[in-house]
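Everything on this sheet refers to the single structure shown next.
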Amino acid sequence: MLSQKAKKRRKLIVPLKKHAGRSNQGKITVRHRGGGAKRLYRRVNFGQEPLDVEGTVVGIEYDPNRTADIALVEYKNGEVKYILAPQKMKEGDKIINAEKAEARPGNRMRLKNVPVGTVVCNIALHPDGKGKIVRSAGAGASVLAHEGKMTHLKMPSREVRKVASMCFATVGEVSNSEHRYRKIKKAGTSRKMGRRPVVRGSAMNPVDHPHGGGEGKAPIGMPAPKTPWGKIARGVRTRKRKQTDRYIIKRATKKKRSKK
């Protein structure tokens, strides 16, 4: 017999088909993918439904499909949903999705109602849309100011950008901040994660990679590293959505390493 908690989770867990980095034509579009342990997908609610209905955290769970932990929430109207678990959330906590709510970890509300200085996550980019950014383990964006219809946010990358004040965001920093310190100690762990071995371009033949060829261990013989298809690999901007540049107030900066 399934427990009451297991019955609630049953509809939220579905099979996850693997594609091993291949497109619908069977061609490899992402290299070094394949194998890996079998996973089930958890349907996580990144939106704000149901609105104005209080929920209780039934449990905090591990999700194999993401770096952050997830929380199982049971709402008063009978709905059960998974959400991204913020830091400090624990079993038994009360949360709510509303236009305006208390600035407590787990509560979701419109950015215009979030006090300045509050850390938020799972931020939507369109009013009433689902959360799209700041969703990985330990990530959090700070609310710097409210200006007209826009809110200034300092992103985890230190970029300062404007987001519409009518967009929803969850209060708190995403859980499992210790994920950054995790070390993959053996190749088998990497294989279980679905990552296949990566071969250095300089170890290949000229026909297979621009870095290939030469006698013994030779330099790449070009001003900058290249991809297997001949495009420059480092130091090149890859940003394509230039129409959103107008919302950027300050560009992302690299973190300086402390001198010991």
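The residue that is surrounded by the fewest Cβ atoms within 10 Å (Cβ to Cβ), among those in region 111-152 that are charged (D, E, K, R) and within 18 Å of the chain's Cα centre (by Cα), is 132. Within the option set 214, 201, 188, being surrounded by fewer than 16 Cβ atoms within 10 Å (Cβ to Cβ) and touching a Ser or Thr at 6+ places or on another chain (Cβ under 9 Å) holds for one residue only, 214.
If you go through region 221-239 one residue at a time, do you hit one that is under 30 Å from residue 112 (Cβ atoms), modelled with pLDDT under 90, part of a loop (DSSP other than H, G, I, E, B) and not β-branched (Val, Ile, Thr)? Spell out how you get there, then give the answer.
Step one: list which residues in region 221-239 are under 30 Å from residue 112 (Cβ atoms), which gives 239.
Add one more test, that the residue is modelled with pLDDT under 90, and what stays is 239.
Right, trim to part of a loop (DSSP other than H, G, I, E, B) and you get 239.
If we keep only those that are not β-branched (Val, Ile, Thr) too, we end up with 239.
So far as region 221-239 goes, yes, one or more of its residues are under 30 Å from residue 112 (Cβ atoms), modelled with pLDDT under 90, part of a loop (DSSP other than H, G, I, E, B) and not β-branched (Val, Ile, Thr).
Residue 253 falls short on exactly one of the conditions (1) surrounded by 12 or more Cβ atoms within 10 Å (Cβ to Cβ); (2) of a type in the set (Ser, Thr, Tyr); (3) part of a loop (DSSP other than H, G, I, E, B), and that condition is (1).
Given the residues 104, 108, which is the only one that is basic (Lys, Arg), crowded, with 19+ Cβ neighbours inside 10 Å, out of contact with any Lys or Arg (no Cβ under 6 Å at 6 or more places or on another chain) and in the same structural domain as residue 41 (by TED's automatic domain parsing)? Give the derivation first.
On the way: 104 fails: crowded, with 19+ Cβ neighbours inside 10 Å.
Criteria check complete, one pass: 108.
Checking each residue in region 68-94 for being surrounded by fewer than 17 Cβ atoms within 10 Å (Cβ to Cβ) and polar (S, T, N, Q) picks out only 77.
How many residues does region 1-30 contain that are loosely packed, with under 12 Cβ neighbours inside 10 Å, more than 19 Å from the chain's Cα centre (by Cα) and modelled with pLDDT of 90 or more?
Taking region 1-30 as the starting set, the residues that turn out to be loosely packed, with under 12 Cβ neighbours inside 10 Å are 1-4, 6-7, 10-11, 14-15, 17, 23-27, 29-30.
Then drop every residue that is not more than 19 Å from the chain's Cα centre (by Cα), which leaves 1-4, 6-7, 10-11, 14-15, 17, 23-27, 29.
Adding the requirement that they be modelled with pLDDT of 90 or more leaves 14-15, 17, 23-27, 29.
Here the count works out to 9.
Does residue 30 satisfy the condition of being closer than 24 Å to residue 125 by Cα and of a type in the set (Val, Ile, Thr)? Explain how you work it out, then say what you get.
On the way: closer than 24 Å to residue 125 by Cα: no; of a type in the set (Val, Ile, Thr): yes.
The answer is no for residue 30.
The values are calculated or read from the model by the stated rules, or taken from the named source; none is laboratory data. Since the model is a prediction, treat every value here as computed from it, not as a measurement. Here the Cβ is made from the backbone with ideal geometry for all residues, glycine too, and neighbour counts use every protein chain on show.
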